[in-house]
Structure formats: structure tokens, C-alpha cells
Amino acid sequence: MMMHSAVLLKAEVKALQAANEQKKRRERKRKRRIMQGGSLSVQEGEDILQTTEVDAQIRTEVASETT
């Protein structure tokens with residue numbers, strides 16, 4: 001049972017790390033474009049807001065799982 005849980009946790013951590021890296025790349029790209037004088041479209045702004053809300057939800061779920 002413990003081995004099964006460890007395998008599941010490793011898989012979950014790997015998936016979260018991959019998602020986090022992808023998110024970081026998108027944020028760096030947006031910041032770079034804005035710093036170069038670009039602007040955000042309405043859709044891009046909504047995407048940023050949605051990403052922030054999802055991140056907050058994930059942090060809440062992870063915090064509740066660790067307690």
C-alpha cells in the first residue's frame with residue numbers, strides 16, 4: 001500500500017512540476033512582450049486571471065492535503 005501511494009505521489013509531483021514549468025514559460029513570454037512595449041488582448045488578460053484563480057485553487061487543495 002505504501003509503495004502504491006509513493007508511486008502516485010511521484011507521478012503527481014512530476015505532473016505538477018511540468019505544469020508549473022509551462023506556466024513559468026508563458027509568464028516570462030508575456031512579461032518580455034509587455035516590457036518591449038507590447039500590450040495584452042482582452043483574451044490574454046482573461047487567461048492570466050483564470051490562471052491566477054486556478055493557481056490559488058491548487059495551492060488551497062495542496063495545503064489541505066498536507067494537513
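The values are calculated or read from the model by the stated rules, or taken from the named source; none is laboratory data. Quick caveat, the model's predicted, so the values are computed rather than measured. Glycine also receives a Cβ, built like all others from the backbone with ideal geometry; neighbour counts cover every protein chain displayed.
From the residues in segment 20-54 that are part of a helix (DSSP H, G or I) and among the polar types (S, T, N, Q), which one is modelled with the lowest pLDDT?
Looking only at segment 20-54, we keep the residues that are part of a helix (DSSP H, G or I), and these are 20-35, 42-54.
Then keep just the ones that are among the polar types (S, T, N, Q); that gives 20, 22, 43, 50-52.
Numbers: 20: 89, 22: 89, 43: 85, 50: 90, 51: 88, 52: 88.
For segment 20-54, the residue satisfying everything is 43.
Restricting 54, 13, 7, 62 to residues that are under 10 Å from the mean Cα position of the chain (by Cα) and surrounded by 10 or more Cβ atoms within 10 Å (Cβ to Cβ) narrows the list to 54.
Taken over segment 23-42, residues that are more than 18 Å from the chain's Cα centre (by Cα) and either surrounded by 10 or more Cβ atoms within 10 Å (Cβ to Cβ) or not β-branched (Val, Ile, Thr) (or both) amount to 10.
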